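The values are calculated or read from the model by the stated rules, or taken from the named source; none is laboratory data. Treat the numbers as computed from the prediction; the structure is a model and nothing was measured. Every residue, glycine as well, gets a Cβ built from its backbone with ideal geometry; the counts of neighbours run over all protein chains shown. We work out accessible area using only protein heavy atoms, side chains counted, and drop any ligands, DNA or RNA first. Shrake-Rupley method; radii C 1.70, N 1.55, O 1.52, S 1.80 Å.
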Amino acid sequence: MVSLLREVQFAMRALLRAPGFALAAVATLALGIGATTAIFTTVNAALLRPLPYPNPEDLYGLRTTLTDGRVTTGLLSAVEVRRLNEANISIVRAAASTQVQEVTLLRDDATPMKVAISGVSEGFFEMFGLPMTIGGFSAQHYADSGPPVVVLSRRAWRDVYGSDPAIVGRAIRFAEFPPTTIVGVAPQDLDLPAGADFYFNLRLSPTDIGHGLEGYMRIKPGAPLARVEQEMAAVMEAAIRDFPLSGTSRIYVVRPMVEQIVGDLGPILIVVLSAAGVLLVLACVNVTNLLLARGAARAREMAVRVALGASRGRVVRQLLTESCVLATLGAVTGLALAFAGLRLLLAAGASKLPRLDAVAFDGRVLLFALLTLVVSSLIVGFAPALRLAATDLKTLMNESGRSASGGRATTRWLSTLMVAEIALAVVLVAGAGWLVRSFANLRAVDPGFDAGGRILFDIAFNGPKYPNPPAVDAAAQELMGRLRQLPGVNAAGATANFPLRLQPEASLLLQFRGEPFDRDKPMGTRQRAVSPGFFDAMGTTILAGRDFSDADRPDTTPVAIVNATFAQRYLNGRDPIGMHFMSGYPDIDPQSDVEVIGVVEDIRQKSLGEAAEPAFYQSDRQNIPRRRTIVLATGLADPGSLQSAIRAEVAKSDPQIAVNVILLSELTGNALMRQELGMTLMLVFGFAAVALAAVGIYGVIAYATSQRSGEVATRLALGATPRSVFFLVAGHGRTLTIVGALLGLAVAYALGRMVASRLYEVQAADPVILIAATAVVMTIAVMATAVPAARAARTKPSSVLRSE
């Protein structure tokens, strides 16, 4: 230990004697370690941190899908959830929830407040294994046929009711439902479904095959997932036999709970973490170059120490100690940079992403930082130590002389690392190019509507004031008429299924009038309700036929507008205008016959990255929803300035309706937030990689040039022109640059094949990205090589030869 402390002290003194070198090395390592640690902290919070439930590895999310490619919601039916619980298989419990929807909570003073509510099936809270804060649902709540009761989330209990311990039994009122009672408060750490403020007891019908439920399950400890999936397949086959129209090709889809919660954020974080790792290696290679060049300058010192009796092991240990000190200083500085960068990242919007609301430097992150420190120390110190361990005393003495040619071994090491730097830089710049291309492709996607200058808000016509559909229709028409008269409003429309919000929508079977229904390959379609003028308000183009009008009433011929995908997939070039079709689920409803009056361009309903599905729209005057989203198209520079006027008009209709207004541009921006985060980080890493590569290349060529100073002076003295000397020195860098670029190109292509499937419409062999990445790095390399080459060309032979 005493010897180690002496070596650390000696290493510190040696670094203080070369402050420029120490500062450059520490800053370079801090950049690599800081970036890698910051991204790992994010990955840890989103993907690695255990869910706050007992035995979280046994929890899975559930979906269903049709293997024949037909349209489906991907959700579960009550039958499919109940059958899993009734079967004697390796599942402890399966549970379901409805999708979260906004409702209006009426406080004690009758003021409205928007809250989120979801129904949960029996055993939902018990499945997650967390104790209820207070009370909870009982078996009787699911057995009775009485009105639903509610459980509060811990957040709602705290924010709305001040953590009142006597909350159980208290009456609660929602504008959309009859009065009900609070029976409990949910566990503290439970936030599923995400954002739910209230839960009601959802009773699952044994015959309901409508697919509208989110599914969850806990498997038995130690049960192999492959066996569980086989057992679930048998359960689904039995359900299909009993309910054939539920989908003869339907299967359960099982996903780890973390994956279901995080969604497509996970692959993006993995790609960015890989890039951060490459950046760390690049930083280590850069510092290794610095140490090799410095080691050559210290060759006489090492030779003297060996000559005086120091063993090779002692010399190597001292060099490794110096690299450890450098790496430690870099790691400490890097942790500070990581902490600051992480705070900046969260402030820029990352905290809105799943599981990133609380990102902490926990034990796993500190262990990762320690591992990074050790690996960096070994990478940085390995090459200089190995170089000296393999060199004899005579060579060491020769390398210290100006006229010696013994520095060739060091030059070979530096050249090899320069090639690695260029290759790594190409990989990182190509990775940035892929994410930029993916983001640009998503930004270029035509969503089927114009987000600019538009605002939207949700509204629901429930309660005794709206006893039937005609009352709902009258109230909606009266409100829409007044909203259209607001100053600055150019158009107004409404829909029950607004794009990009994952609101529930019907998935129905389809049959054209006069054509047989194929039970083996039934056609499927989405059903959406919109108001007259909705497409105009959204900026969506009607491709053929006409829009809905106020003349399309419940007492007139039912009409529909189909999207372009519907027409292309099912009509085979036939004119859709005037065609009739019926729909329904699980059977075709003969009373559902509608006439097609128009074709509208496709709207990306689920996400910008998913193509439109076949869908038809019905007028909300013929298919009257109680809940709808209203969108207003404005000509105002600040559409949000209409908020107070909107609330005033809604209050005239019903003062118990709460209104939260958002910009449509914000909605589309949130849909791209994950991809934008990944792209921004990769661009930062790409710029850092190019900068590190430029510094490293300059250092290598400058060192190699200094080793050849005598040769250069002799050439100039014998008549060589500065131009020829310039190209002589630059030629060495050019060769290394070409080799590194070709190697980087091959590695980038191989890695691109691994990540391309996780990005939107990106190909690993995209020639623009690969050529551009190579060109950028080679250009920087040429510029970094030109500086020492130009300096060599200006060498004065007399001064160099005199010193020789």
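Between K606 and I542, the C-beta separation translates, for a Förster distance of 25 Å, into a calculated FRET efficiency of about 0.70. Taking every alpha-carbon pair under 8 Å whose residues sit at least 6 apart, the chain reaches a relative contact order of 17 percent.
Database remark: amide H of V92 closer than 5 angstrom to the amide H of R218, I219, K220 (H placed geometrically; neighbours at sequence offset of 5 or more, or on other chains; Pro and chain starts carry no H).
In whole percent, what relative contact order does the stretch 144-281 give with Cα contacts below 8 Å and a gap of six or more residues? All intermediate terms of the calculation are to be shown ahead of the outcome.
Details: 95 pairs, mean separation 27.4, N = 138.
Value for the stretch 144-281: 20 percent.
Taking max minus min of the alpha-carbon positions on each principal axis, the stretch 310-365 gives extents of 58, 19, 11 Å, largest first. Once backbone amide H atoms are built at 1.01 Å from N, L75 has T64 as its partners under 5 Å, excluding neighbours fewer than 5 places away on the same chain.
Using a Förster distance of 41 angstrom, determine the FRET efficiency expected from the C-beta separation of L371 and E478, and round it to 0.05.
Values: r = 66 Å, r/R0 = 1.60.
Once rounded, the FRET efficiency stands at 0.05.
Cα centroids of the stretch 438-486 and the stretch 82-123: 25 Å apart.
Here each label is just a point 7 Å from Cα along the line to Cβ, and for N670 and D520 those points are 4.6 nm apart.
Send over a whole-number figure in Å² for the accessible area per residue of the stretch 87-208, probe 1.4 Å.
Values: 5250 Å² over 122 residues.
Averaged over the residues of the stretch 87-208, the accessible area is 43 Å².
Rolling a 1.4 Å probe over the protein heavy atoms of the stretch 585-645, with every protein chain left in place, gives an accessible area that is 45 percent carbon and sulfur.
Just how many % of Cα pairs in the stretch 669-804 lie over 23 Å apart, if you round to the nearest whole percent?
Details: 4489 of 9180 pairs.
For the stretch 669-804, the fraction of Cα-Cα distances above 23 Å is 49 percent.
The alpha carbon centroids of the stretch 129-184 and the stretch 205-273 are separated by 29 Å. In this simple spin-label approximation, Q101 and A444 carry label points 7 Å from Cα along the Cα→Cβ vector, and these lie 3.9 nm apart.
Would you mind telling me the share, in percent, of accessible area of the stretch 692-789 contributed by carbon and sulfur at probe 1.4 angstrom? Don't skip to the answer; put the middle values down first.
Working: 3440 of 4850 Å².
It is 71 percent, rounded to a whole number.
When the label point is put 7 Å from the Cα of D159 along its Cα-to-beta-carbon vector, which residues of the stretch 191-223 have a backbone N closer than 19 Å? Counting backbone N atoms under 19 Å from the label point, the list is 191-200.
Set the bar at 28 Å for Cα to Cα. Now go through K352/K652; K114/K606; K521/K606; K114/K465 and name every pair that lies beyond it. Write down the numbers at each step before the final one.
Values: K352/K652 34 Å; K114/K606 24 Å; K521/K606 24 Å; K114/K465 19 Å.
Long pairs (Cα-Cα over 28 Å): K352/K652.
FRET efficiency for S549 and F512, Cβ-Cβ distance as r, R0 = 25 Å, nearest 0.05? Each step should come with its number before you reach the end.
Working: r = 24 Å, r/R0 = 0.98.
That pair, S549 with F512, gives E of 0.55.
Screening the chain for whole DSSP H helices of 30 Å or more along their axis (Cα) with average Kyte-Doolittle hydropathy at least 0.0 returns 19-43, 265-297, 312-347, 363-389, 408-444, 673-707, 722-755, 767-793. Here the stretch 586-651 and the stretch 531-580 have alpha carbon centers that stand 12 Å from each other.
Students often check this: by mean Cβ neighbours within 10 Å, which of 366-377, 449-460, 544-555, 422-433 ranks highest, and how do the rest follow?
422-433, 449-460, 366-377, 544-555
Full-extension gain between D109 and A347, please, as 0.36 nm times their residue separation minus the C-alpha to C-alpha distance.
Length gained, D109 through A347: 82.1 nm.
For the stretch 11-132, the fraction of 1.4 Å probe accessible surface lying on carbon and sulfur atoms is 56 percent.
Counting only protein heavy atoms and a 1.4 Å probe, the stretch 529-598 has 43 square angstrom of accessible area per residue.
Run the quick spin-label model on T181 and S145: label points 7 Å from Cα toward the beta carbon, then report their separation in nm to one decimal. That separation, rounded to one decimal, is 2.0 nm. Per residue of the chain, what 222 nm ellipticity follows from adding -39500 (n - 2.57) for every DSSP H run with n ≥ 4, rounded to the nearest 500? Helices in the chain give a 222 nm mean residue ellipticity of -16500 deg cm²/dmol. Protein heavy-atom accessible surface, 1.4 Å probe, per residue over the stretch 488-527: 46 Å².
Ratio of Rg to Rh for the chain: 1.09 [Cα atoms; Kirkwood radius as inverse mean 1/r over pairs].
Taking 16 Å as the cut-off, the amide N atoms of the stretch 711-747 that come nearer than this to a point 7 Å along the Cα-to-beta-carbon line of A790 belong to 722-731.
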